[in-house]
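S.K.: Quick one: this structure, given as structure tokens, is what I'll be asking you about.
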Amino acid sequence: MELITILNRCHRFRGFVYHRATFSPDHKSIEISVRPRTGSAAICSRCHQPAPGYDQLRERRFEFIPLWGFFVFLLYAMRRVDCRRCGAVVVEEVAWGDGKHTLTKVYMLFLARWARHVSWKETAQAFRTSWDKVFDAVEYVVGWGLEHRTLGRIGAIGVDEIQYAKGHKYLTLVYQIDLSIIRLLWVGKERTAESFRRFFTTIGTEVASQIAFVCSDMWEPYLKVIREKCSEALHILDRFHIVAKMNKAIDEVRAVEARRMRAEGCYTVLKKSRWLLLKRSENLDAEQHFRLRDILRYNLKTVRAYLLKEAFQQLWEYNSPAWAGKFLDEWCRQTMRSRIEPLKKIARSLRQHRPLILNYFKAQKTLSSGVVEGLNNKAKVTMRRSYGSRTYRVLELALYHSLGKLPEPELTHDFF
Ligand SMILES: [Zn+2]
């Protein structure tokens, strides 16, 4: 069986024929020359219609999927057409590639699929190509996907921020969190109101008007844009973010108190207590339980803060918004008298956002922000994998590529 027979089976294009397959002089590559089928007119790449020929350019090399340890190239001299419709001399359109890339479309799709499972660097190494070519491949596939995706009806969205560039910069991520589909919809620079507004510009007012639920954290610029753009939607404060803030406050109380006790030369019961106090008590093992009980015997600020935090968890068990509201008010009242400043700060913020927190119960808890949290964890993994360059563009592409559930160009043959 000849190579050309195989190619005709898996990568055949109307109007073109595979002419000959040979080794390159160094025997590292297989080169396959491609020619226009006799009598078939070239297609104008601007209007996609056949047009009379004008001239022919120098032979180009289009890189194909490597085979058995050989690089594979398609060699073709592009024609130019004198297109009357466009009124210009234009390069012809070829189905296997485009003007911008040296890789064939199938090879780009092939690399991009791998780049979703392993890092871009590993993909480049595995196929003896460069990181830049993997970048090109992902850029092509993501570009195609964004152009061809259907937004449809978006019922629920979650917005969150993520840090990058060693924590100096932020991205805004918007997810669709409907039961039917969970995906990343949009990535934007910074976490400002302007950047979040751009998301609404992208989806358009009609799609935006159908959004019924919005999940977010307490970041003021997001709250502001949601009030502006989704005034009809039920805005839900993210449960996960509230818990995370609470844990941060406990940690702060513990750190300050442990430092003070050390300075006073006291035996420090708080030594290595960090995780005991941050974990939910039902997640501790027997020995950790024992140690926790030991700590709780002392009359420490940390202990009082811990007990308030644990008590707060009860909030999520309520079903009725009214009862949840009563509980929240009572918790805030107690906390305001606790003289524990980091927790008082939280209580103030909870009071201020009371209606948004109670919306969580109004939505019958269906939109637990656990979904957003899970997506954001995936986003962080993706970011780590695409490292090699930490620029915004790389992260944007990597995030759309792994979380966007974007459609892919269709192939007649599955190159697995
Ligand atoms: Zn044309």
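S.K.: Once a ≥ b ≥ c are taken as the square roots of the eigenvalues of the Cα gyration tensor of the chain, is the result rounded (a/c under 1.5), prolate (a/b larger than b/c) or oblate (a/b not larger than b/c)? Before the final figure, lay out the partial values.
M.R.: Numbers: a/c = 3.54, a/b = 2.21, b/c = 1.60.
Prolate shape, in that a/c is at least 1.5 and a/b is the bigger ratio.
S.K.: Expressed in nm to one decimal, what extension gain is obtained for the pair residue 70 and residue 336 from 0.36 nm per residue of sequence separation less their Cα-Cα distance? Numbers along the way, then the final one.
M.R.: Values: separation 266, 0.36 × 266 = 95.76 nm, distance 7.11 nm.
Difference between extended and current length: 88.6 nm.
S.K.: Sequence-distant or interchain residues sharing an amide H contact under 5 Å with residue 234, placed H: which?
M.R.: Amide H to amide H, under 5 Å and 5 or more residues apart or across chains, residue 234 pairs with 213, 214.
S.K.: Calculate the FRET efficiency for residue 190 and residue 320 from the Cβ-Cβ distance with a Förster distance of 45 Å, rounded to the nearest 0.05. List each step's numbers first, then the result.
M.R.: Details: r = 39 Å, r/R0 = 0.86.
Calculated transfer efficiency: 0.70.
S.K.: Compute the acute angle (0 to 90°) between the alpha-carbon long axis of helix 193-209 and the principal axis of greatest extent of the alpha-carbon atoms of the chain; round to the nearest 10°.
M.R.: Tilt relative to the chain: about 70 degrees.
S.K.: Using only Cα atoms and rounding to the nearest 10 degrees, what angle (0 to 90) does helix 321-336 make with the longest principal axis of the chain?
M.R.: The answer is roughly 60 degrees.
S.K.: List, in the order given, every pair from 166/345; 272/378; 169/380; 344/378 whose Cα-Cα distance in the structure shown is over 24 Å.
M.R.: On the way: 166/345 28 Å; 272/378 29 Å; 169/380 14 Å; 344/378 33 Å.
Violating the 24 Å limit, Cα to Cα: 166/345; 272/378; 344/378.
S.K.: Which pairs, out of 121/248; 105/224; 100/189, put more than 32 Å between their alpha-carbon atoms?
M.R.: Working: 121/248 35 Å; 105/224 43 Å; 100/189 26 Å.
Violating the 32 Å Cα-Cα cut-off are 121/248; 105/224.
S.K.: Can you tell which of 192, 129, 159 lies farthest toward the positive end of the dipole of segment 84-196, using +1 and -1 charges on the Cβ of basic and acidic side chains (Lys, Arg; Asp, Glu)?
M.R.: With unit charges placed on the Cβ atoms, the residue in question is 129.
S.K.: Tell me, what % of the accessible area of the chain is carbon and sulfur with a 1.4 angstrom probe?
M.R.: On the way: 11920 of 22760 Å².
Here it works out to 52 percent.
S.K.: Per DSSP H run of at least 4 residues, take -39500 (n - 2.57); add these up for the chain, divide by its residues and hand me the 222 nm value, nearest 500 deg cm²/dmol. Walk me through the intermediate numbers first.
M.R.: Numbers: 15 runs with 191 residues, N = 416.
Per the formula, -14500 deg cm²/dmol.
S.K.: How many percent of DSSP beta bridges within the chain run antiparallel, rounded to 5? Numbers along the way, then the final one.
M.R.: Values: 39 of 52 bridges.
Just about 75 percent of them are antiparallel.
S.K.: Over the chain, with the other protein chains present, what is the accessible area per residue in square angstrom, probe 1.4 angstrom? Don't skip to the answer; put the middle values down first.
M.R.: Numbers: 22760 Å² over 416 residues.
That works out to 55 Å² for each residue.
S.K.: On C-alpha positions alone, give me the angle between the axis of helix 341-352 and the longest principal axis of the chain, in degrees, nearest 10.
M.R.: Roughly 70 degrees between the two axes.
The values are calculated or read from the model by the stated rules, or taken from the named source; none is laboratory data. From a predicted model like this one, the values you see are computed outputs, not experimental measurements. Heads up, the Cβs are rebuilt from the backbone with ideal geometry, glycines too, and the neighbour counts pull from every protein chain shown. The area values use the complete protein model at the heavy-atom level, side chains included, leaving out ligands, DNA and RNA. Shrake-Rupley method; radii C 1.70, N 1.55, O 1.52, S 1.80 Å.
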